[in-house]
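Engineer: This is the structure I have questions about; it appears just below.
Bear in mind these aren't lab numbers, they're just calculated from the coordinates by the rules spelled out. Please read all numbers here as calculations on a predicted model, not as lab measurements. With ideal geometry, Cβ positions are generated from the backbone for all residues, glycine too; neighbour counts draw on all protein chains shown.
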Amino acid sequence: MKNFNELASQEQIENSMKALEANGMKAYFAGTGAEAKQKVFELIPAGAEIMNMTSVTLDMIGVAQEINESGKYDAVRIKLMDKDVPADRKRQLGAAADWTIGSVHALTEDGKLMIASNTGSQLGAYAYGSPHLIWVIGAQKIVKDFDEGMKRLHEYVLPLESERANKAYNITNGSFISKLLVFNREITPDRVTVIIVNEKLGF
């Protein structure tokens, strides 16, 4: 069985970055999580409306905390915790913020990104809703192709996400890959930025 927590080689990283660029996305390399965090905040203007999706990766490198706690940004997630904001409005805010940031569960060497979800709450913004999208991806998430990506999702990501969801939300029956977004290419110039980090971040 493939070790899905092993960092990709430099060749695999370079192949993925070239493919992402060919598929209409900007690709950057960061040697460390700290470098990735610095790049993120070089890209996002101060005061920007931004939704940080639930992401172990963003938590690990301090991006989520900076967005939600620094006061430098119009943090959508803070609004989603306001009980006075109607549920319909929360869905709109989460799906169409000016900036959205998160991660993915697999990146193929030919530049396809795979995101699995139980609720689908992040997928609308990723697919279309947000005009500016950033994904931060640990290099252990790079896989050879779609089939290997599917194995990574089912054999590696799902058990870890079920464990996380149980601790966070008391979901004792585990999580599910209820919805799956496969991002083949982006047709809107400068919409999507991918930062590949040469560290094991998230799962």
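Engineer: Could you work out which residue, out of VAL136, VAL40, VAL85, moves most in a Gaussian network model of the chain, that is, has the largest mean-square fluctuation with Cα springs under 10 Å?
Structural biologist: Largest GNM mean-square fluctuation: VAL85.
Engineer: How many percent of DSSP beta bridges within the chain run antiparallel, rounded to 5? Show your work: numbers first, answer last.
Structural biologist: On the way: 7 of 29 bridges.
Looking only at bridges with both residues in the chain, the antiparallel portion is about 25 percent.
Engineer: Rank ASN15, ASN166, ASN52 by mean-square fluctuation in a GNM of the chain with C-alpha springs under 10 angstrom and give only the top-ranked residue.
Structural biologist: Looking only at ASN15, ASN166, ASN52, the biggest GNM fluctuation is shown by ASN166.
Engineer: HN-Hα J couplings of the range 65-80 from phi, Karplus 6.51/-1.76/1.60, θ = phi - 60°, integer Hz, Gly and Pro as x?
Structural biologist: 5, 4, 5, 8, 10, 7, x, 8, 10, 8, 7, 5, 4, 5, 5, 5
Engineer: Residue by residue through the range 139-144, which ³J(HN,Hα) values in whole Hz follow from phi under the Karplus form 6.51 cos²θ - 1.76 cosθ + 1.60 (θ = phi - 60°), with glycine and proline marked x?
Structural biologist: 5, 6, 8, 6, 10, 5
Engineer: Sticking with this one: Could you list MET25, MET51, MET81 in order of exposure, starting from the residue whose Cβ has the fewest other Cβ atoms within 10 Å?
Structural biologist: Ascending number of Cβ neighbours within 10 Å: MET81, MET25, MET51.
Engineer: Work out from phi, with θ = phi - 60° and the Karplus expression 6.51 cos²θ - 1.76 cosθ + 1.60, the ³J(HN,Hα) of each residue of the range 94-99, listed in order in whole Hz, and give x for Gly and Pro.
Structural biologist: x, 9, 9, 5, 4, 10
Engineer: Can you work out the base-10 log of I(q)/I(0) for the range 10-197 at q = 0.09, 0.10 1/Å, using the Debye formula on its C-alpha atoms alone?
Structural biologist: -0.31, -0.38
Engineer: First measure r as the distance between the Cβ atoms of THR119 and GLU14, then evaluate 1/(1 + (r/R0)^6) with R0 = 45 Å and state the FRET efficiency to the nearest 0.05. Working shown, then result.
Structural biologist: On the way: r = 35 Å, r/R0 = 0.77.
My answer for the efficiency is 0.85.
Engineer: Just to be sure I understand: if I project the alpha-carbon convex hull of the range 155-203 onto a plane and average over all orientations, what area do I get in nm²?
Structural biologist: Working: hull surface 21.2 nm².
Value for the range 155-203: 5.3 nm².
Engineer: Report, in deg cm²/dmol and to the nearest 500, the calculated mean residue ellipticity at 222 nm for the chain, where each DSSP H run with n ≥ 4 adds -39500 (n - 2.57) and the sum is divided by the residue count.
Structural biologist: Working: 8 runs with 68 residues, N = 203.
Mean residue ellipticity, 222 nm, calculated: -9000 deg cm²/dmol.
Engineer: While we're here: Springs between alpha-carbon atoms under 10 Å, Gaussian network over the chain: tell me which of ASP147, ASP82, ASP74 tops the mean-square fluctuations.
Structural biologist: Residue with maximal mean-square fluctuation among ASP147, ASP82, ASP74: ASP82.
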